[in-house]
Each structure stands twice: as C-alpha cells, then as structure tokens.
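Notes follow the structure.
What follows is calculated from the coordinates using simple rules that are stated; it is not laboratory data. Note that this is a predicted model, so its numbers are computed, not measured. Note that we place each Cβ from the backbone using ideal geometry, even for glycine, and neighbour counts take in every protein chain shown.
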Amino acid sequence: MEIKENLLVLWHYIESVFSFDPNSPLLFTQFQFWAFFAIVFAVFALFRNKRLLRNTYLFFVSVLFYYKTSGLFFGLLLFVTCSDFIIAQLIYRVQRRWQKRAFLILSVAIDLSILCYFKYAYFFADLVNTVCGTSFQVTNLLAAEGNRLLGQPFFSVDRIILPVGISFYTFQIISYTADVYRGLVKPVRNLFDFGFYVAFFPQLVAGPIVKASDFIPQLYRKYCLSRLQFGMAVFWILNGLLKKIILSDYLAVNFIDRVFDNPMLFSGFENLMALFAYSLQVYADFSGYTDIAIGLSLLMGFYLPRNFNSPYKAPNCSNFWKRWHISLSRWLQNYLYIPLGGNRNATFGTYFWILTITFVALVLSGNLYVAAAVLVLAAIVVTVGLRCPDRRKKIWANLNSMITMLLGGLWHGASCNFMIWGGLNGVGMIVYKFWRDFRPVVRTLWSLLILSVTGALYVFAPAPIWNLLLVFMLFITASAIIKWLYSLSGLRWRFAWLGHAWAVGVTFVFITFTRLFFRSGSNLDPAIANETAWRIATEMVNQMGTAWNANVGDIILAYDKVFALFALGMVIHWLPDNWKRRYRIWFARMPLPLMAVAVVLAVFIVYQFVTAEMQPFIYFQF
C-alpha cells in the first residue's frame, strides 16, 4: 500500500512537471526553473559534441519550456517554425527575383497575420467601429474553432490572450527569411536545427532577437567551454538574478506598483520618485533577464548578443537607443528604417506609413483633430523636403526615424500611450540632431524662445503639464546660457566631463518622463488599455505638476530602504565601464571553491529579497 502511495505521489509530481499552470509559468526566478535547467544540462552534457542529437534535444526542451510558460500556444511556435523553414527553402531554390519576393511576402504575411491577430485584434475592431460606425466586439475565433473541433467549451472565446514572447520570435523568424532572400545566409538544412534557432529557450520569450547570421553558424560548432567562459557564465546568471529580484522586484512591490495603481493617493514627490524608480526597475528587469539568458547560453556553448550597454549613461536620445534593447534597435534599423529609405530618400513605404499612422492616431485618440494635426505636420515636412534639395537628405532621415520610432512604440502594444512614448523618443532623437549642429548662441536663443512660450502657457493657461515643462526648460536654458558665455570667454573647454555628465542627466530625465506613458500602458487588458492608461498618466502628471504639500524629508524616511536601493542601483549603473569589466573578469578567474562560496552568498542575499508573489518579467507581455 505504501509503495502504491509513493508511486502515486511520484506520478502526480511528474504530471505537474509536464503540465501547464497558467498561474505559475516557468520563470528564471523560480526554483522549479533551476531544477529544470539542472536536469536539462545534465542530459545535455552526455551528448554535447553530437551536433544533430544536441540540437534536436535542445529544440524539444525549448518547446517544453515554452509550453510550461505559455501553454497550448506552443502550437503557434511549431507552426511558424515549420512554415518559415519550408518557405526559406523555396526562396533559396527558385531562381527568379519575383518568385523569391513572392515567397518572402508570403512568409511575412503569415508571421505578421498571426502577430496582429493576437496583439492588435482590439485595435482593428476599434478601427472598423470608428470608420464604419459599427459596434463589433472582439471574439477569439481560434478558440471558438477549437471548441467546435473538440465538441466542448474547452477554450474561452471572450477575450484574446497574447502568447508570451510572440513579438520576439516573430521578429527573429522574419529576419531569417529576409536574410535568406537577401542572400546573407543559406537556409538551415535540418528542421530540428532551425527549430532550435527559433525556440532556444534562454532567449525565446523576451529576447534578445538573434540574427540568423550570428547564431546559425553556432549550430554546427563543437561544444567548447573554457574555465574563463564558465566563470563569466556564472557571473552573468548571478548578475541577472541580483538585478531582477533585488532591484526590480523589490522596488516594484514596495513602492512603484503602489503609486502607479493609485497615483492620487500619493504626493507629487512620491509620484515623481516612482517614475524615476520605474526607469531603474524596467532596466534591471529586462537587462537582468538578458544577463541570465546570456549566462545559460554560454554554459551550453552558445553566444547571445549583448542587449544592453549601460543605457542611462547615454548623453542623448540617439545614443540611448544604441544602448537600450540593442537587438530590437538593430532589427528596426535593418528591416524597417533602411527599407523605408533610411537617410537617402523617402519611398512608397514612407508615405504609406504616414497615412497609416494618421489612421492609427485617429483610432487610438478618438479625436479627428489629432489625426489632422499628424497629417498636416507630415505634409509640411514632406513639402519642405521636396522643395529644399540641400536639406532633403536630413529631412528624409528624420522622417523615416520618426516613423520607425512610432512603429516601435506600436510594437509594444496598440495603445495611445505606447504611440506617445515612441513619438516622444523620436522627437528627442530629431531635436538632438538639430541641437548638436547649432552654435551656442543659437541654442541659447531657441531655449529662451521655448522657455518664453512655456512661461506664457504657465501664466495664461495654467496646467500641471506646463509647470513640469517650465522647470525642465529652466534647466535647459540655464545650461545653454552657461555654455554660450563660456564660449565667448575664449577659454578652452576644460570641463568636458561636466558637460557630458549634464547631458547624461538631462537625457535620463527626458527618458524617464517618456516612461510615464510606457508604464501606464503596460499590464492592461487590451479592451480597456487606452482609457485606463491615459487616466493613470494624467493623474500622475497632475500630482507631479501641482504644489507638493507633503514633507519630502518624511517621505524619504518612510521609504528609506527603497530610496537607498534606488541610489545604489544608479551608482552601480553609472560606474565606469573599465571598472565593471575588471570585476567581471576578477570574478570569472576566481578559484572554484571561492566562486562556490560567492554563489551561495549571492543566493542567500537574493532569497532575503524574494517577495511572496513572484513578479513576472515586464517584457513577457510583448
């Protein structure tokens, strides 16, 4: 009887291992994942040098991981893997250019149709209802068809759930077929090898987006892991866990989420600090995931590209996007910005996306004036570009950059807030490009002009947003005047580091305020995203832009651990790169017994910060 009970317990445990629990997806921060990885790595070690067997094994393990993370949506992953594997073979084999292009269009149409169905169904329903005056409600047609085939209501048809990581693996597959079309890579010969490239579990659900030309050659290499590489892998895993659990989760649970959930219950200072803390949280969360993914991959002999390079050290918005989510930035540049015409000219795609974005603005805002303003502004820019040949190249480059950033915002979700977030980043990049070419006196005059307009709005049309903008412009104007006066003195600039630090600070403040629209649009049901996101953003702006009646000192004392952790995180982030490189290498070369002690100590510290409810990775929703 006891043996039977033990076998039953064992059976239930095995069943739980291979079943999907929507309330407990498999995350890097769970003990279950590390037990899973220990088993996977132990089996992997047995045939690590048998290439086909190794890749096939890791493909099936990755599919199991995705099933544990996203349930039956693993079927979508298998479908796009098979379809793009076949289409890429056809692209390579046909000889005529139009045939290759037709197959590429077919591949992209399949991939984007699936992505749009799950991610933008509510947006398209709003579009049809707005244009046609209808009142269609979104229904999960795939779920309804599944229920019909099963003969029972197994799936919910009331709402469409976004599969975890669908944007990441969709973009990765599109880059593969596009590169095969361009002749940059040859198609993978084996379906399991290709499936492994698409589904490799460390980077499957939240990136980085890996280019085929960077990863596919690794499929055919023998396993190699030096002593130094092992140490670096352990470092990246621990570094990611420390970022995710200590910085991201602790700040979110103990401060950030409380403020964003009910902005009106907190003072302006608390709203402001929650916004700055969120900038650190989203970085620690996303880069922490990437660090863990890089470390896990390195243990298995594979290299993933660097996805973050201390982004809050950026002295301008353009540089920020070369440091933040590098794989997505490069994807947008290679497969969107350059095909649009890049910095050369405006193409049919440029005009198509101008009209599309105008319609999107109309639907998301529900305001005809907003759409008209977008269209008129675009028309003015295009007209100037056509009539001013000497400035045409810069105008086309800026126009294509703005379109890319707006579409990058919509990639995160069909919400007005995401579009505003992308647009603000685009504006920041364009303003910097003009600003750097101005002489100090011109910068000063422009700053004074904008400051005067902001001051007039502050006086004659009082609103919290003008209060915030006025403070920001006071700092910008003061710095412009100081640099202008210094240039008039005739002295050589000996304080370049101070100017750089100021630029980094201004960029960080600007990026942080764009995060207001990013955070308030996240983690929301698509059916109510626009209304809820706009309300949260408005309430936070109102709180930050009105008089701060609360005692700032008391607030700092009340959240002393939160603010201390935030300050520590920013200090570490701003450490010189050579310092970070040195302590990474020092850790990697540490004797194994000492490294084991460091691992135990790090795990113990992490455990002290583990919250009762495990926080999912922010970018899983994208």
**Item:** Separation of the Val506 and Lys186 label points, Cα + 7 Å toward Cβ, nm
**Value:** 5.2
**Request:** Mind listing the long-range amide H neighbours of Asn345? Cut-off is under 5 Å, sequence gap 5 or more, other chains count too, H placed in the peptide plane at 1.01 Å from N.
**Result:** none
**Fill in**
Counted neighbours (other Cβ, 10 Å), sorted fewest up, put Trp353, Trp98 in the order Trp98, Trp353
**Message:** Under a crude label model (7 Å from the Cα following the beta-carbon direction), how far is Ser452 from Trp98 in nanometres?
**Reply:** 6.0
**Asked** From the backbone phi of the range 254-260, what are the Karplus-calculated ³J(HN,Hα) couplings (6.51 cos²θ - 1.76 cosθ + 1.60, θ = phi - 60°) in whole Hz, Gly and Pro given as x?
**Response** 8, 8, 4, 4, 4, 5, 5
**Message:** Place a point 7 Å from Cα of Lys561 in the direction of its Cβ. Which residues in the range 596-611 have their backbone N less than 11 Å from it?
**Reply:** 608-611
**Message:** Rounded to whole Å, give me the distance from the Cα center of the range 572-603 to that of the range 423-447.
**Reply:** 40
**Request:** May I ask you to derive the FRET efficiency for Leu53 and Trp579 from their Cβ-Cβ distance with R0 = 41 Å, giving the value to the nearest 0.05?
**Result:** 0.45
**Request:** Could you list Ser489, Ser267 in order of exposure, starting from the residue whose Cβ has the fewest other Cβ atoms within 10 Å?
**Result:** Ser489, Ser267
**Fill in**
With 0.36 nm assigned to each residue of separation and the Cα-Cα distance removed, Thr546 to Cys388 gains 52.5 nm
**Asked** If you stretched the chain out fully between Tyr220 and Ile86, how much longer would it get, using 0.36 nm times the residue separation minus the C-alpha to C-alpha distance?
**Response** 46.2 nm
**Message:** For the range 322-466, what does the relative contact order come out to in percent, with C-alpha contacts under 8 Å and a separation of six or more?
**Reply:** 20
**Message:** Can you divide the C-alpha Rg of the chain by 2.2 N^0.38 Å and report the result to two decimal places?
**Reply:** 1.02
**Request:** Pull out the extension gain between Leu377 and Phe352, defined as 0.36 nm times the separation in residues minus the alpha carbon to alpha carbon distance; nm, one decimal.
**Result:** 7.5 nm
**Prompt:** When Lys and Arg each count +1 and Asp and Glu each count -1, what net charge do the other residues less than 13 Å away from Asn190, Cβ to Cβ, add up to?
**Reply:** +3
**Asked** In what order do Arg443, Arg387, Arg48, Arg258 fall by count of nearby beta-carbon atoms within 10 Å, going from fewest to most?
**Response** Arg387, Arg258, Arg48, Arg443
**Using θ = phi - 60° and Karplus 6.51 cos²θ - 1.76 cosθ + 1.60, couplings along the range 588-600 (whole Hz; Gly, Pro as x)** = 5, 8, 4, x, 4, x, 5, 5, 4, 5, 4, 5, 4
